[in-house]
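What follows is a set of notes on a single structure, which appears directly below.
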Ligand code: SER
């Protein structure tokens, strides 16, 4: 009888090590899988409701088309893998969630609960804490009233936690759930394990990528404006020119996520961190786009409702804790974001 390959014995007897990325087919997922694969990771497992593209598939050990709200998928993942880290990116963004708040809640909160539970079950089954990286958002802030934004200055993590969108409520609550799983999970149980989930979150500002256009977000006007100019299409911006929120390039967001993941636990004084790189007004952004694409046709046609969401987000946030604790240091300021990343990247694209 021919020898049975070792892998046959392994099947079922041992689970494969895995780093799980949910929402892997989205904007952040694209950059994250590429960076982690380039850094040598060969245990990436991607999940996305719509699946991932072929390029992404080639970076992963396995890919699943599936819904993180569904329990059978969680059971399958629990049975198949020994999960050491989870990057939980799957979410409905702020604009989309305002059109379907309950659906947003189901994905953004229900899906996150499922992933936290999977992380806790995994940690208890293999005995090591599971790192859980969570992209939170400036949407957790609510600076309402005409003077609140102006007077607040760069907002620190614990201030103005009064979101006015379902998405912001979802993200803020999930930050708290993450803190609970990290510090107090099953706090009265006799067999409780300390820090089953090593929860770490970044409140991302608007993200701008040269490769992809976001969908369903309220900060999307920045990326839409630049991509439209590169394509030679007119763009009607849905906010006023004086609208100002913080932004960051996608490569800086990915590096920040990976730096936070790699940081020593002892260096982290919090579970949730602000991070930002620049905060131009929409008008300043349009001027810069015009410098690089002289034929750009950008007009401003504010949508009152989406404008009100942006008017509740802070014009800037304070990322001192991220800089001090884990060395957050974005490479792109506004000018270099355009000159070194966005313009060359987007021109190559179209
Ligand atoms: N960029 C996100 C959005 O606009 C906010 O985190 O929904």
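The values are calculated or read from the model by the stated rules, or taken from the named source; none is laboratory data. Fair warning: this is a prediction, and the values are worked out from it, not measured in the lab. Here the Cβ positions follow ideal geometry from the backbone for every residue, glycine too, while neighbour counts run over all protein chains shown.
Could we say that residue 119 is at pLDDT 95 or above, within 13 Å of the ligand (Cβ to nearest atom), surrounded by 23 or more Cβ atoms within 10 Å (Cβ to Cβ) and not in a loop (DSSP other than H, G, I, E, B) here?
No.
In region 225-240, which residue that is in a helix (DSSP H, G or I) and touching a strand residue (DSSP E or B) at 6+ places or on another chain (Cβ under 6 Å) is nearest to the ligand (Cβ to nearest atom)?
225
Output yes when any residue across region 82-100 is within 30 Å of residue 304 (Cβ to Cβ) and without any contact (Cβ under 8 Å) to a residue 24 or more places away in the chain, and no when none is.
Taking every residue of region 82-100 in turn, at least one turns out to be within 30 Å of residue 304 (Cβ to Cβ) and without any contact (Cβ under 8 Å) to a residue 24 or more places away in the chain.
Looking at 155, 202, can you tell me which residue is crowded, with 22+ Cβ neighbours inside 10 Å, within 27 Å of residue 262 (Cα to Cα) and within 11 Å of the ligand (Cβ to nearest atom)?
Sole residue among the options that is crowded, with 22+ Cβ neighbours inside 10 Å, within 27 Å of residue 262 (Cα to Cα) and within 11 Å of the ligand (Cβ to nearest atom): 202.
Yes/no matrix, rows are residues, columns are (1) surrounded by 21 or more Cβ atoms within 10 Å (Cβ to Cβ); (2) in contact (Cβ under 8 Å) with a residue 12 or more places away in the chain; (3) in contact with a helix residue (DSSP H, G or I) (Cβ under 7 Å, 6 or more places away or on another chain):
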| residue | (1), (2), (3) |
| --- | --- |
| 319 | yes, yes, no |
| 327 | no, yes, yes |
| 333 | no, yes, no |
| 338 | yes, yes, yes |
| 342 | yes, yes, yes |
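Between 72, 101, which is within 15 Å of the ligand (Cβ to nearest atom), over 17 Å from residue 181 (Cα atoms) and more than 17 Å from the chain's Cα centre (by Cα)?
Of the residues listed, the single one that is within 15 Å of the ligand (Cβ to nearest atom), over 17 Å from residue 181 (Cα atoms) and more than 17 Å from the chain's Cα centre (by Cα) is 101.
Of these, 67, 43, 53, which one is closer than 21 Å to residue 257 by Cβ and in contact with a helix residue (DSSP H, G or I) (Cβ under 9 Å, 6 or more places away or on another chain)?
Going through 67, 43, 53 in turn, just one is closer than 21 Å to residue 257 by Cβ and in contact with a helix residue (DSSP H, G or I) (Cβ under 9 Å, 6 or more places away or on another chain): 53.
Could you give me the residue pairs with C-beta distances under 7 Å whose first residue belongs to region 135-159 and is under 19 Å from residue 308 (Cα atoms) and touching a residue at least 40 places away in the same chain (Cβ under 8 Å), whose second residue is within 16 Å of the ligand (Cβ to nearest atom) and assigned to a strand (DSSP E or B) wherever it lies, and which are 6+ apart or on separate chains?
Every condition considered, the pairs that remain are 137/203; 137/204; 138/203; 138/317; 140/203; 141/155; 155/317.
Based on this model, can you work out whether residue 104 counts as modelled with pLDDT of 95 or more, under 19 Å from residue 25 (Cα atoms) and outside any strand (DSSP E or B)?
It is true that residue 104 is modelled with pLDDT of 95 or more, under 19 Å from residue 25 (Cα atoms) and outside any strand (DSSP E or B).
Suppose the filter is buried (at least 17 other Cβ atoms within 10 Å of the Cβ), part of a loop (DSSP other than H, G, I, E, B) and either modelled with pLDDT of 95 or more or touching a helix residue (DSSP H, G or I) at 6+ places or on another chain (Cβ under 9 Å) (or both); does residue 175 pass it?
no
Out of 74, 36, I need the residue that is assigned to a helix (DSSP H, G or I) and within 27 Å of residue 223 (Cα to Cα). Which one?
Criteria check complete, one pass: 36.
Which pairs do you get when a residue that is within 19 Å of residue 331 (Cα to Cα), found in region 205-228, comes within reach of a residue that is more than 11 Å from the ligand (Cβ to nearest atom) and part of a loop (DSSP other than H, G, I, E, B), reach meaning Cβ atoms under 6 angstrom, with the pair 6+ apart or on two chains?
Close Cβ pairs (under 6 Å, with a partner that is more than 11 Å from the ligand (Cβ to nearest atom) and part of a loop (DSSP other than H, G, I, E, B)) amount to 205/276; 223/213.
What helices (runs of 4 or more DSSP H) lie completely within region 277-329 and have 1 or more residues being over 25 Å from the mean Cα position of the chain (by Cα)?
Answer list for region 277-329: 282-292, 304-312.
Looking at 215, 219, which is the one that is at pLDDT below 95, over 25 Å from residue 265 (Cα atoms) and either within 11 Å of the ligand (Cβ to nearest atom) or over 14 Å from the mean Cα position of the chain (by Cα) (or both)?
215
Since residue 134 meets every condition but one in (1) away from the ligand (no atom under 16 Å from the Cβ); (2) touching a helix residue (DSSP H, G or I) at 6+ places or on another chain (Cβ under 8 Å); (3) not in a helix (DSSP H, G or I), which condition does it not meet?
Result: residue 134 passes all but (1).
Somewhere in region 178-193, is a residue surrounded by fewer than 24 Cβ atoms within 10 Å (Cβ to Cβ), assigned to a loop (DSSP other than H, G, I, E, B), within 16 Å of the ligand (Cβ to nearest atom) and touching a residue at least 24 places away in the same chain (Cβ under 8 Å)?
Scanning region 178-193, I find no residue that is surrounded by fewer than 24 Cβ atoms within 10 Å (Cβ to Cβ), assigned to a loop (DSSP other than H, G, I, E, B), within 16 Å of the ligand (Cβ to nearest atom) and touching a residue at least 24 places away in the same chain (Cβ under 8 Å), so the answer is no.
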